[in-house]
1. Return the only residue of B:82, B:49 being modelled with pLDDT under 95 and within 22 Å of residue A:19 (Cβ to Cβ).
2. Only one residue in A:200, A:192, A:181 is over 17 Å from the mean Cα position of the chain (by Cα), more than 9 Å from every other protein chain (Cβ to nearest Cβ) and buried (at least 21 other Cβ atoms within 10 Å of the Cβ). Which one?
3. Could you pull out every one of the helices (runs of 4 or more DSSP H) wholly within the range B:202-286 that has 3 or more residues that are within 30 Å of the chain's Cα centre (by Cα)?
4. Checking the structure you have, find out if any residue of the range B:87-104 is within 21 Å of the chain's Cα centre (by Cα), in contact (Cβ under 8 Å) with a residue 24 or more places away in the chain and surrounded by 21 or more Cβ atoms within 10 Å (Cβ to Cβ).
5. How about the range B:108-139: which of its residues are in contact with a strand residue (DSSP E or B) (Cβ under 9 Å, 6 or more places away or on another chain) and touching a residue at least 40 places away in the same chain (Cβ under 8 Å)?
6. Is it true that residue B:98 is at pLDDT 90 or above, over 30 Å from residue B:200 (Cβ atoms) and away from chain A (no Cβ under 11 Å)?
7. For residue A:119, indicate whether it is within 14 Å of another protein chain (Cβ to nearest Cβ), surrounded by 19 or more Cβ atoms within 10 Å (Cβ to Cβ) and in a helix (DSSP H, G or I).
8. Has the range A:59-74 got at least one residue that is touching a helix residue (DSSP H, G or I) at 6+ places or on another chain (Cβ under 6 Å), surrounded by fewer than 19 Cβ atoms within 10 Å (Cβ to Cβ) and closer than 21 Å to residue A:245 by Cβ?
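The values are calculated or read from the model by the stated rules, or taken from the named source; none is laboratory data. All figures in this text were calculated on a predicted structure; none of them were measured in a lab. Every residue, glycine among them, receives a Cβ derived from its backbone with ideal geometry; neighbour counts consider all protein chains shown.
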C-alpha cells in the first residue's frame, strides 16, 4: 500500500471520529465521570474508621503482585464501558451510511477519489480498532483520577498506601485486556457489524426497523423454505454467553480469534460487508 | 478536438417515470457546455450519470473511464458541485480543507487558502454556520484548487443572490478556466450563462433536443421578424415557434436555409433564452 | 449477471441475503449445527474476596499445570476441540 493510500485511509478514520465524537469520546467520558462521582459519593457515606480500614486493605492487596495477574480484577469496571461501546456501535453502524444519504452530503463524499470499498472499510476499522482506543483512554483517565482521589483519601485518613502503585499498574495492564476484549468481540460480532452496515446503506428511511424486521423475516424464511433453523441456532450460539465478550487472560487471546466459529463469522460478516460496499453506489 | 464525454442511448427510469430516454451527447475538450432544460427534464440525472453517482443503461465514457465501473479513479480527474448544501454540515472549514488535502492527490492547499482569503469565510466555523453563498464560495474555492480536466456544475447558483451568482461565474471564468479545462453547467436560468457558453445542449423530457456549438448556432437557428404580408409564406417554412413582437410576429426556424428566410423579413440569431423557450414550446405542441 | 444483481438496491439486497442464508444453511447442514453455548472458563467469576490467598494459590497451580500440558486442552476453551468431540458423538449416534 503506497503512502498516499495510507494518508487517505487515515483521513477517512479521522473523519469518522470527528463526525461521531459524541459516541466515541463523549459517551465513555460521561460513563467515567458517573463512576467516579458514584464511587466518591459512596466513599463519603462510609464511616471514617471503616474507610481507613478499607483503604489499608486495598493498598496491601496488590502489593508485590504481578500487575498482569491482577489485571483481570479490573474487568468488572470495564463492563459499563463495554456496554456503552456496544450501544454506541449499533447507533454508529446503523446511521453511518444512512445519514449522509439523508442529508445529501454523499454527493460531496463521492465526488472525492475515494472508493466505496475504502469508505465502508474505514467504518469497520473505526468500530473494530479505533473506537475502543478512545474508550480505553477514557478508562485510563478515570483510573488516574481515581488513583489521585484514593491517595488524597488515604493521606487524609492517615493510611499507608504502599500498594497503591501496584494497584494502578494492574489497572493499566487491564486496559490492554479491555482493548483486546473489544477487538475480539468486534471480530466475533462481525456478522452483526455487516448486517447493520448493509441496512444503513440500503434503507431510505428507518434503517433500524429494516435491520430488525428483515432479521426476523429471514429466520421465518429459512424455516419455510428449507424446514431448518440453522440461522436461529447460529445467532443464539453467538449471543448466548456473556463470557464470550470479555478476555480475562492474555493466553486465551489467540484462541478466541483463531477458532472455527470466529473465523466462520468473519466469512459471513464479509459477505454482508461486501453487500454494503455495493449498496453504497445507490446514492438516493 | 477530442471529446471528453461520449454518451450513447443513456436510459434511466425511476419507477414509472422516465428520467433519461435515450440521451446521446458529446462534449468536446476545452468547452464550456451548458446543459439547459426545465425542471424535471433530466439535467441532474444526466450529470450524476457522468460522474457515476447514478446507474444508467447505455454507453458512457468520461475522460476515458466508464463512471459506473471506476468512479473513484474518474474523480481524480473530475470535480463536481451540486446544488448548494451538499458539503457536510458538521465539518469545520479547516477540517474540510484538511480532508480534501489528504484524499485528493491534485489538491493545492495554498491555492485554496488564497481563494478563501478573499472571502469572509472563517476557518474555524462549521459549515452549518455559514450562509448559502459562503458555502458555495467555499466549495468553489476547493474545486478551483484541484487540478482536473472536467468540472461538472449542477445548478451551482440555485438560491443565491445576484452578488454571489455574479462572483461565482466571474471567478470561474477568470481564475479557473484556461481553455484546456472543460466545464459542464446545468441550469434553467439561461440568461445567466448564455454569454459564457461555447457549447449548447437543450434537454427536455429526458431527451436532447438541441446540441450545437455556439459558433454554429447562427447557422442552425434563425429568428425572423416577419412582415404582415409574408406571414403565410413564413408559416409554410415550418417554424418551431412564433410569437407576437411589437405588432409583428417573430418566427424561429431551425435548420432552414437563410436564403429562403431572407425574403421574409429581418434575420437575427435568437438568444439562447428565446431559443430555449422556442424549443420547449415546439416540444409541447409536437 | 452483474447488471441484474446491481439493477437496483432491492435486487442487490435480495442477492446478498440469499447468499447469506445459503452459506449459513449449507454450513449448518454440513456440520450438523445445533444451538451451543460456548463455555469459556472464567475463574474470576468464582472469585471470593474473603479467600484471596486461596484463589491466588489455585491460579498459580493452574498456570503451572497449563505450562506442563499445553494451553487450552484441559480448560476446553477451544471451540474447535469441543466441536470435534461433539461431531464424533453425533456420528456415533447416527
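1. Numbers: B:49 fails: within 22 Å of residue A:19 (Cβ to Cβ).
B:82 is the lone residue from the list that is modelled with pLDDT under 95 and within 22 Å of residue A:19 (Cβ to Cβ).
2. On the way: A:192 fails: over 17 Å from the mean Cα position of the chain (by Cα); A:181 fails: over 17 Å from the mean Cα position of the chain (by Cα).
Only one candidate passes the filter, namely A:200.
3. Working: elements: B:217-220, B:231-236, B:258-262, B:272-285.
In the range B:202-286, the matching helices (runs of 4 or more DSSP H) lie at B:217-220, B:272-285.
4. Kept after step one, since they are within 21 Å of the chain's Cα centre (by Cα), are these residues of the range B:87-104: B:87.
If we keep only those that are in contact (Cβ under 8 Å) with a residue 24 or more places away in the chain too, we end up with B:87.
From what's left, surrounded by 21 or more Cβ atoms within 10 Å (Cβ to Cβ): B:87.
Scanning the range B:87-104 turns up at least one residue that is within 21 Å of the chain's Cα centre (by Cα), in contact (Cβ under 8 Å) with a residue 24 or more places away in the chain and surrounded by 21 or more Cβ atoms within 10 Å (Cβ to Cβ).
5. Those that are in contact with a strand residue (DSSP E or B) (Cβ under 9 Å, 6 or more places away or on another chain) and touching a residue at least 40 places away in the same chain (Cβ under 8 Å): B:127, B:136, B:139.
6. Working: at pLDDT 90 or above: yes; over 30 Å from residue B:200 (Cβ atoms): yes; away from chain A (no Cβ under 11 Å): no.
For residue B:98, the condition - at pLDDT 90 or above, over 30 Å from residue B:200 (Cβ atoms) and away from chain A (no Cβ under 11 Å) - is not met.
7. Values: within 14 Å of another protein chain (Cβ to nearest Cβ): yes; surrounded by 19 or more Cβ atoms within 10 Å (Cβ to Cβ): yes; in a helix (DSSP H, G or I): yes.
When the stated conditions are applied, residue A:119 passes them.
8. Within the range A:59-74 (the criterion being touching a helix residue (DSSP H, G or I) at 6+ places or on another chain (Cβ under 6 Å), surrounded by fewer than 19 Cβ atoms within 10 Å (Cβ to Cβ) and closer than 21 Å to residue A:245 by Cβ), the answer is yes, since at least one residue qualifies.
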